[in-house]
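Notes for the one structure printed next.
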Amino acid sequence: MKRSTYLLAGIVGSFAFSTFALVLVPQMQLGGMQPQFAEDEGKIVDIYPIENRGIVEAGREVYISEGCVYCHSQQVRDEQNGSDLERGWGVRRTVARDYLFDSPPLLGSSRIGPDLANAGSAKWRNEPADENFGYKPAKRDEAWELLHLYNPRVIIKESNMPAYRNLFVERKISGQRSDDALDVPTKDGWEVVPTAEAKALAGYLLSLDKSHALKEVKTAAAEVVAK
Amino acid sequence: MTAVDTAPIPTTAPAPAADTAYPAAERAAIDDSARWPVLFFFGNGLLWLMLATVFGLIAAIELYSPNFLSGVPFLSYGRIWPAFTNTISFGWGSLAGLGVTIWLLARLGRVRVKFPGVLVTGAVFWQVGLTYGIIGILGGKTTGLEGLEIPTGSAVLMLLGYLLVVLWAFLLFGFRSQTTPFISVWYLIAALLWFPWSFALAHAAHLLPNVPGVVQSLVAAWASQNFLNVWLTAIGLAAAYYLIPKVINRPVHSYNLAVYGFWSFILFAGLTGAVRLSGGPIPAWVVTLSISASILLLVQIVTVTTNLVLTMRGQFHMVYHSPTIRFTFFGAIAFTVSSVIGLFASLRSVDSIVHFTQFQNGLTQLVIYSFFSMVIFGAIYYILPRLVGCEWLSSSMISLHFWGAAYGGGLLALSLLFSGLATGYTLAEPDSAARYIQILETSSPYLVGAIFGWVLIALGHLVFGLHFLLMLLRIGQPGGEPTLFVPVGEEEKH
């Protein structure tokens with residue numbers, strides 16, 4: 001056999017092996033994965049995870065489009081890998097099933113801001129909103145998210161997040177002031193209102209919750225305040 | 001060359017010299033036939049490099065000062081960053097790399113470039129797809145897959161163009177008159193075959209039904225890692241294996257070392273992809289496999305480094321004289337440094353600290369810029385005079401480019417690596433009461449370093465771009481003797 005034939009065979013063989021090990025076997029292992037069903041007396045009472053629909057799917061599109069993933073991860077690692085649990089970013093590590101319906105999942109590889117895997121969990125939402133100045137919402141609710149998107153530094157003084165003014169419109173008040181208008185200083189007779197994208201994004205962020213118990217992973221007992 | 005085919009090879013047998021065995025007139029005819037396609041790839045690659053420099057600088061400033069340009073949606077960090085990674089990888093890296101590939105395959109196969117129109121058509125497809133893709137990313141249209149953001153429609157165009165180039169390359173390889181392929185050719189063939197395969201598969205995994213979320217992420221991580229550690233690395237090493245022996249005029253130190261290096265590379269490099277998701281929601285065995293492969297790659301790091309350094313032995317003064325050697329040898333050393341850092345960074349104990357920090361970006365920067373790009377610059381300094389028929393105008397301009405690229409690139413990579421270590425170690429403090437945002441502030445001095453790094457790089461690129469343009473206009477020194485920093489024989493002064 002000629003030397004170049006060995007060469008080609010070796011190259012093709014090596015990438016066939018690489019594809020087999022890193023693509024095909026993981027797909028065979030995880031391809032048949034289903035949501036977790038909880039049954040009570042023969043009736044399904046709980047399904048996790050569920051498909052992204054409506055405002056969640058629309059907000060996910062905005063999240064992808066604005067490139068939020070380049071600064072915010074959405075994965076919680078276990079105790080052996082970093083301090084995620086100790087920082088209160090989740091009550092358990094995240095696993096493959098959490099991302100079953102995400103195409104693609106927004107795992108992220110960089111944390112220029114905090115992890116958002118549980119940004120919408122009840123614990124996170126009900127936490128007293130931190131040392132903010134100027135505006136003190138009681139909870140991290142939709143109003144908090146929108147204001148934070150419009151001007152992060154109104155809520156967190158040292159925030160390094162850019163302001164997403166392009167998701168809001170400044171317009172003249174016609175008739176009554178809109179219910180959606182943000183509580184921010186603006187010109188007299190004008191108001192700042194969120195666009196549909198901003199509302200979808202806020203809705204998506206508030207839907208992020210990977211604290212649901214799964215049988216394949218241990219949930220930590222202690223609750224830690226996110227920091 | 002035929003001797004290696006028949007006789008058992010002693011371990012220290014020198015590898016055959018690349019392509020000095022045939023007459024200069026024939027070499028000139030091959031260069032002549034390669035002129036237009038290679039210039040087209042280089043020129044377009046360089047335009048993307050300029051754009052990537054602008055994007056990289058903007059992203060670095062935004063990282064330090066979040067309000068910078070925040071009113072312009074298409075220039076916000078979340079859009080500029082993927083636009084930067086895609087232009088530097090698929091614009092500069094792929095096009096300049098393919099230019100070098102075509103020229104090397106023709107020279108090393110001792111065969112003239114036929115049907116250059118096929119190559120140029122391929123490049124045009126690639127350019128159109130990539131341009132649409134980058135505009136898409138800036139406008140907010142992406143696949144959402146990190147490293148493969150270019151929308152699938154544009155990616156298909158790029159892939160079609162690429163397939164034309166590969167098809168052409170294999171025809172050329174088939175028609176070669178130099179039958180035993182030289183070391184560089186092994187790497188080039190591997191690079192050409194690997195890229196379309198993993199690129200297409202990553203897009204397919206995203207589109208096909210019944211591929212659960214994390215498998216898409218895994219395939220994308222695998223493809224991005226292959227792009228960097230197989231495709232770019234292979235072309236960079238192919239160029240280094242050609243240029244270093246060629247310029248210092250002695251054969252590669254050991255053929256056998258090269259063989260071990262190549263096969264360990266091709267076997268293990270493609271298995272390292274899952275380290276990018278270390279600690280993430282994927283099966284643990286995949287990550288363990290990738291970490292093992294990263295460790296086994298040590299065989300390649302050691303053999304390639306030894307081989308290239310021993311080839312240079314006694315000739316290190318050539319870095320004072322020859323621009324090609326200065327750039328290429330710098331790149332070869334950066335290959336070793338980045339590979340060793342990459343090996344350590346893949347270990348769980350290190351990864352758990354530096355994962356999610358700027359450390360990864362620093363490492364990528366080291367591979368794509370300090371290693372790959374520096375070698376490619378060296379190759380362009382060598383190849384271009386042979387295509388346009390005159391030598392580079394000014395050794396001071398080459399020198400300026402080198403200092404900008406070497407110091408700027410080094411400063412940028414080191415800033416990001418140290419920024420990552422600073423954040424990582426503060427975060428790892430279990431009883432650290434600081435809020436995340438306060439921890440991130442520990443890295444901000446390093447981010448200033450990154451901006452300075454980019455400014456130096458940009459200056460170097462401006463000089464290089466101008467010099468390249470002058471060469472295209474044939475404004476240079478008369479052909480024949482290469483432009484050197486210092487004539488050979490005057491090294492005592494340094």
Practice prompt. Quick one: which residue in A:Asp98, A:Asp78 is of a type in the set (Asp, Glu), surrounded by fewer than 22 Cβ atoms within 10 Å (Cβ to Cβ) and either in a helix (DSSP H, G or I) or at the interface with chain B (Cβ under 9 Å from one of its Cβ atoms) (or both)?
Written response: A:Asp78
Practice prompt. Among residues belonging to region B:449-473 that are β-branched (Val, Ile, Thr) and under 14 Å from B:Ile61 (Cβ atoms), point out the one that is nearest to the chain's Cα centre (by Cα).
Written response: B:Ile457
Discussion item. Exactly one condition in (1) in contact with a Phe, Trp or Tyr (Cβ under 6 Å, 6 or more places away or on another chain); (2) surrounded by 13 or more Cβ atoms within 10 Å (Cβ to Cβ); (3) of a type outside the set (Ser, Thr, Tyr) is false for A:Ile44; which is it?
Written reply: (2)
Worksheet entry | Which numbered condition A:Pro35 misses (of (1) in contact (Cβ under 8 Å) with a residue 40 or more places away in the chain; (2) closer than 27 Å to B:Thr142 by Cα) | (2)
Item to complete: Please give the helices (runs of 4 or more DSSP H) falling wholly within region B:391-494 in which 1 or more residues are at pLDDT 95 or above and crowded, with 21+ Cβ neighbours inside 10 Å.
Response: B:395-428, B:444-472
Worksheet item: Quick check: anything in region A:39-54 in contact with a strand residue (DSSP E or B) (Cβ under 6 Å, 6 or more places away or on another chain) and either touching a residue at least 60 places away in the same chain (Cβ under 8 Å) or of a type in the set (Phe, Trp, Tyr) (or both)?
Response: yes
Discussion item. Being of a type in the set (Asp, Glu), in a helix (DSSP H, G or I) and either closer than 25 Å to B:Ile80 by Cα or at pLDDT 85 or above (or both): is that true of A:Glu145 here?
Written reply: yes
Discussion item. Can you list residue pairs whose Cβ atoms sit under 6 Å apart, with the first residue in region B:261-282 being more than 9 Å from chain A (Cβ to nearest Cβ) and free of Cβ contacts under 8 Å to residues at least 60 places away in the same chain and the second being surrounded by 24 or more Cβ atoms within 10 Å (Cβ to Cβ) and in a helix (DSSP H, G or I)? Count only pairs 6 or more apart in sequence or on different chains.
Written reply: B:Gly261/B:Val304
Worksheet entry | region A:41-62, subset hydrophobic (A, V, I, L, M, F, W, C) and closer than 14 Å to A:Leu167 by Cα, residue farthest from the other protein chains (Cβ to nearest Cβ) | A:Ala58
Fill in: Among (1) within 7 Å of chain B (Cβ to nearest Cβ); (2) among the hydroxyl-bearing types (Ser, Thr, Tyr); (3) surrounded by fewer than 20 Cβ atoms within 10 Å (Cβ to Cβ), the one test that A:Tyr6 misses
(1)
Worksheet item: Tally time: how many residues in region A:193-209 are within 14 Å of chain B (Cβ to nearest Cβ) and either of a type in the set (Asp, Glu) or farther than 24 Å from A:Ile64 by Cα (or both)?
Response: 1
Discussion item. I'd like to know if region B:247-257 contains one or more residues that are crowded, with 23+ Cβ neighbours inside 10 Å, within 14 Å of chain A (Cβ to nearest Cβ) and hydrophobic (A, V, I, L, M, F, W, C).
Written reply: no
Discussion item. Residues to consider are A:Ser65, A:Ser18; find the one that is among the hydroxyl-bearing types (Ser, Thr, Tyr), facing chain B (nearest Cβ under 9 Å), in contact with a Lys or Arg (Cβ under 9 Å, 6 or more places away or on another chain) and within 30 Å of B:Val230 (Cα to Cα).
Written reply: A:Ser65
Worksheet item: Residues of region B:170-192 being surrounded by fewer than 22 Cβ atoms within 10 Å (Cβ to Cβ) and either more than 7 Å from chain A (Cβ to nearest Cβ) or part of a helix (DSSP H, G or I) (or both), which ones?
Response: B:Phe170, B:Leu171, B:Leu172, B:Phe173, B:Gly174, B:Phe175, B:Arg176, B:Ser177, B:Gln178, B:Thr179
Practice prompt. Can you work out which of the residues in region B:330-382 that are more than 20 Å from B:Ile301 (Cα to Cα) and of a type in the set (S, T, N, Q) is surrounded by the fewest Cβ atoms within 10 Å (Cβ to Cβ)?
Written response: B:Ser349
Worksheet entry | Whichever residue in region B:145-181 is hydroxyl-bearing (Ser, Thr, Tyr) and within 23 Å of the chain's Cα centre (by Cα) and, among such residues, is farthest from A:Ser103 (Cα to Cα) | B:Tyr162
Discussion item. I'm trying to understand the selection: among the residues of region A:181-207, which are free of Cβ contacts under 8 Å to residues at least 24 places away in the same chain and part of a loop (DSSP other than H, G, I, E, B)?
Written reply: A:Ala181, A:Pro185, A:Thr186, A:Lys187, A:Asp188, A:Gly189
Item to complete: Among the residues of region B:132-157, write down those that are surrounded by fewer than 16 Cβ atoms within 10 Å (Cβ to Cβ), farther than 17 Å from B:Ala202 by Cα and away from chain A (no Cβ under 12 Å).
Response: B:Ile135
Worksheet item: Where residues in region A:163-180 are away from chain B (no Cβ under 14 Å) and not in a loop (DSSP other than H, G, I, E, B), which of them is farthest from A:Pro49 (Cα to Cα)?
Response: A:Lys172
Response to the item:
Counting only residues that are in contact with a helix residue (DSSP H, G or I) (Cβ under 7 Å, 6 or more places away or on another chain) and outside any helix (DSSP H, G or I), region B:287-320 contains a total of 3
Practice prompt. Give the residues of region A:101-128 that are more than 26 Å from B:Ala422 (Cα to Cα) and either more than 10 Å from every other protein chain (Cβ to nearest Cβ) or in contact with a Phe, Trp or Tyr (Cβ under 8 Å, 6 or more places away or on another chain) (or both), sorted by residue number.
Written response: A:Pro105, A:Gly120, A:Ser121, A:Ala122, A:Lys123, A:Trp124, A:Arg125, A:Asn126, A:Glu127, A:Pro128
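For every residue, the table says whether it meets (1) more than 30 Å from A:Pro49 (Cα to Cα); (2) aromatic (Phe, Trp, Tyr); (3) assigned to a helix (DSSP H, G or I).
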residue	(1), (2), (3)
B:Thr233	yes, no, yes
B:Ala239	yes, no, yes
B:Ala258	yes, no, yes
B:Gly261	yes, no, yes
B:Val275	no, no, yes
B:Ile282	no, no, no
Fill in: Unmet requirement for B:Ser290, which otherwise passes all of (1) surrounded by 22 or more Cβ atoms within 10 Å (Cβ to Cβ); (2) at the interface with chain A (Cβ under 9 Å from one of its Cβ atoms); (3) at pLDDT below 95
(3)
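The values are calculated or read from the model by the stated rules, or taken from the named source; none is laboratory data. It should be emphasised that the depicted structure is a prediction, and the values quoted were computed from it without experimental measurement. Note that each Cβ is placed from the backbone with ideal geometry, even for glycine, and that neighbours are counted across all protein chains shown.
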